[in-house]
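Scroll down for the structure; my scribbles are underneath it.
The values are calculated or read from the model by the stated rules, or taken from the named source; none is laboratory data. Here the structure is a predicted model, which is why all the values come from computation and not from measurement. Glycine also receives a Cβ, built like all others from the backbone with ideal geometry; neighbour counts cover every protein chain displayed.
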Amino acid sequence: MSGTKSTNMPRPFTILIAALGGEGGGVLADWLVDAATHSDFPVQSTSIPGVSQRTGATTYYVEIFPVRQAELAGKHPVLALVPTPGAVDMVAASELLEAGRAMQNAFVTAQRTTLVASTHRIFATSEKMIPTDGRYGSEKILGASTKIAQRAILFDMLSQAQKAGTVINSVLFGAMAGSGVLPLSRTVCEAAIRGAGKGAEASLRGFALGYEHAASAQALVPKAPEKLPPPPAKENLRVRSEFPGALHELLNQAVARLIDYLDVAYADLYLDRMRSVVAVDNETDGAGQGYPLTRETARLLVLWMTYEDIIRVAELKTRPERFARLRKEAGAQPGEPVVIVDFLKPGPEEFADILSPGLSDLIKTWELKRRNLGRTLSFPLRLQTSSLTGFLALRFLARLKPLRRRSARFALEQATIERWLAAIKRYGMATRDRELVQEIIQCAALLRGYGGTQRRGRRAFEHIFDSLLENKTAEAQKIVELKQALHAARNAALANPDVPPVPPAATGKPVVWLKAG
């Protein structure tokens, strides 16, 4: 406090808010300032803008001096502009990863900080960029909150906001007030919301839900969210008669997905392929461990065989359950129209993939020549799926599903799958090394998505097989060396798909230095 040496005055109450774009973090900071002003407390708020949406959060810092202006006798406290690690009383995060970042940056301490955060996740750009599962573990953040924070109030605030028909910031504000730590009464907090005007009633409903949840005994740290089991699939007769019981649930789910993707014959092909993998698992003594190799192969193979093409995308986007889900997310009432616009960017290669191999090769060769000249036919497409014209256009593409078996992409995928399965069987039967087989199985993770992502992954896959698994020189190396090389090559390809994962063999002649004569 300026102009005084007294040490009896209370210190400011410090609040750090981490919110994503569009979640009303700035409005929440304004509510806190208004509530503190109504309480006659000195208050100061600063913000550090982040980048848009999930690529970064906007941070707001608020300091409230919990002594009324009338009691200060004209003196004014000196309030900080930025938070100090270890000196924050309350951290409020609108999403779980933002809470984790606050803990990582030492803004949450067991001696002082109350952590108020939502447990839902909005995936970061860095999580989406990784070709495999790049999600950060929510369980680690939830577990750390009990050890790092003095008190943790964590629950799914997004669902509560949707229930109230409002934005998550009002629920977060209610949870902050309901914690009992904030030096502001519920009355002044609600008055600050009313003073904002538009949308106040919905915001008050969200505030009440957050307040009641935080004030209840159930507002302590929840357990890590349990993974919901998939809905039971109809039992397949072949699965029941030809495979061990430990694999039935997984294979039944896979069969149902494949029938939905194409037809029963395609599901039978999947089961034929899986029988050879079970044999490899038995050869490496996998039965006693629950068939781990078969399980991982079954998971990756069904994803591979149900690859995404424009037929599949069109089919999924026009399913009734999708329209019902989008209406629910938009909060539409019965009879209320909802406009759905899909943004697509199909290139010539994607259209060529569903054509016959010969015609596909002609189109791809033509497009490659255009690309080398700096020209391409790839362009963004804005399609109103909720309109009759847009819906029928996608349904026409979806109706081409029976022709998929004759397409160029189908032939390519099946040939590559057989190449992968042959390597699993060959190395599994010959070496009986489970770790080596697992490395080969994981190579399927390189082939994902569509368009440029799919093409880069395929180049990496073929490079690994050509250089390591189907090369006589490479096959002669020791098993330990082969496992290490496979692991390193696959990780390199996942980290940077544009760089060849295995350095090409040297083909140049040695340089011989001669003395000048």
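Values as computed for the structure displayed
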item	result
Test: residue in the stretch 381-401 that is surrounded by fewer than 19 Cβ atoms within 10 Å (Cβ to Cβ), within 19 Å of VAL302 (Cα to Cα) and basic (Lys, Arg)	yes
Subset of the stretch 306-320 (residues that are without any contact (Cβ under 8 Å) to a residue 24 or more places away in the chain and surrounded by 11 or more Cβ atoms within 10 Å (Cβ to Cβ))	LEU316, ARG319
Residue among PHE343, PHE323 that is aromatic (Phe, Trp, Tyr), surrounded by fewer than 16 Cβ atoms within 10 Å (Cβ to Cβ), closer than 30 Å to GLY165 by Cβ and in the same structural domain as LEU388 (by TED's automatic domain parsing)	PHE343
Matching residues in the stretch 61-77 - criterion: being out of contact with any Pro (no Cβ under 9 Å at 6 or more places or on another chain), surrounded by 12 or more Cβ atoms within 10 Å (Cβ to Cβ) and not in a strand (DSSP E or B)	LYS75
Residues satisfying the stated conditions in the stretch 258-312, i.e. aliphatic (A, V, I, L, M), under 26 Å from ALA352 (Cβ atoms) and in a helix (DSSP H, G or I)	LEU258, ALA265, LEU269, LEU300, LEU301, VAL302, LEU303, MET305, ILE310, ILE311
Meets criteria (within 21 Å of THR37 (Cβ to Cβ), in contact with a strand residue (DSSP E or B) (Cβ under 9 Å, 6 or more places away or on another chain) and surrounded by fewer than 18 Cβ atoms within 10 Å (Cβ to Cβ)) for ALA87	no
Count of the stretch 153-174 residues which are closer than 18 Å to ALA19 by Cβ and touching a residue at least 60 places away in the same chain (Cβ under 8 Å)	11
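Listed here are the residues, each with its yes/no results for (1) crowded, with 16+ Cβ neighbours inside 10 Å; (2) not in a helix (DSSP H, G or I); (3) not basic (Lys, Arg).
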| site | (1), (2), (3) |
| --- | --- |
| GLY100 | yes, no, yes |
| PHE107 | yes, yes, yes |
| ARG121 | yes, yes, no |
| GLY134 | no, yes, yes |
| LEU142 | yes, no, yes |
| GLY174 | yes, no, yes |
| ALA177 | yes, no, yes |
| VAL181 | yes, yes, yes |
| LEU184 | yes, yes, yes |
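Results for (1) touching a residue at least 24 places away in the same chain (Cβ under 8 Å); (2) assigned to a helix (DSSP H, G or I); (3) over 29 Å from ILE417 (Cα atoms), shown as yes or no for each residue.
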| residue | (1), (2), (3) |
| --- | --- |
| ALA332 | no, no, yes |
| GLU350 | yes, yes, no |
| LYS364 | no, yes, no |
| LEU397 | yes, yes, no |
